[in-house]
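Working notes, beginning with the structure itself.
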Amino acid sequence: MNTKETKKKIIQAGHKAVEELIKVAKEKIVDSDDDVSADRLKNAAATKKLAIFDAFEILHRIEEEEAILNNKPLEVKKERVFKFAEGRSK
């Protein structure tokens, strides 16, 4: 198996991983209607945030690898930094 074919298979697997991460991001934060502790909500929200950011990171890397495989020049993009309220309040 050559490297190009292996990279194509990795890219396909990356797309499937992103689909799974999207499923995680679409789920409710908590499943119960009971009074949920703040700690549990915080952990669930952090899990969703991680899934979303991981999906974007995987997609970005897929774009880079596809550009390399297709001999296209890589676009230099200014990376946006997302800050939540905790980061802005300091």
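Values as computed for the structure displayed
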| item | result |
| --- | --- |
| Flag for ASP39 being charged (D, E, K, R), modelled with pLDDT under 90 and not in a helix (DSSP H, G or I) | no |
| Residue selected from region 17-36 under the condition open to solvent by 70 Å² or more (accessible area, probe 1.4 Å) and of a type in the set (A, V, I, L, M, F, W, C), by the criterion modelled with the highest pLDDT | ILE22 |
| Residue in region 26-47 that is touching a residue at least 24 places away in the same chain (Cβ under 8 Å) and touching a helix residue (DSSP H, G or I) at 6+ places or on another chain (Cβ under 7 Å) present | no |
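The values are calculated or read from the model by the stated rules, or taken from the named source; none is laboratory data. Just so you know, these numbers come straight off a predicted model, no measurement behind them. In this analysis, Cβ positions are derived from the backbone assuming ideal geometry, glycine residues included, and neighbour counts consider all displayed protein chains. Surface areas here come from the heavy atoms of the whole protein model, side chains and all, with no ligands, DNA or RNA. Shrake-Rupley method; radii C 1.70, N 1.55, O 1.52, S 1.80 Å.
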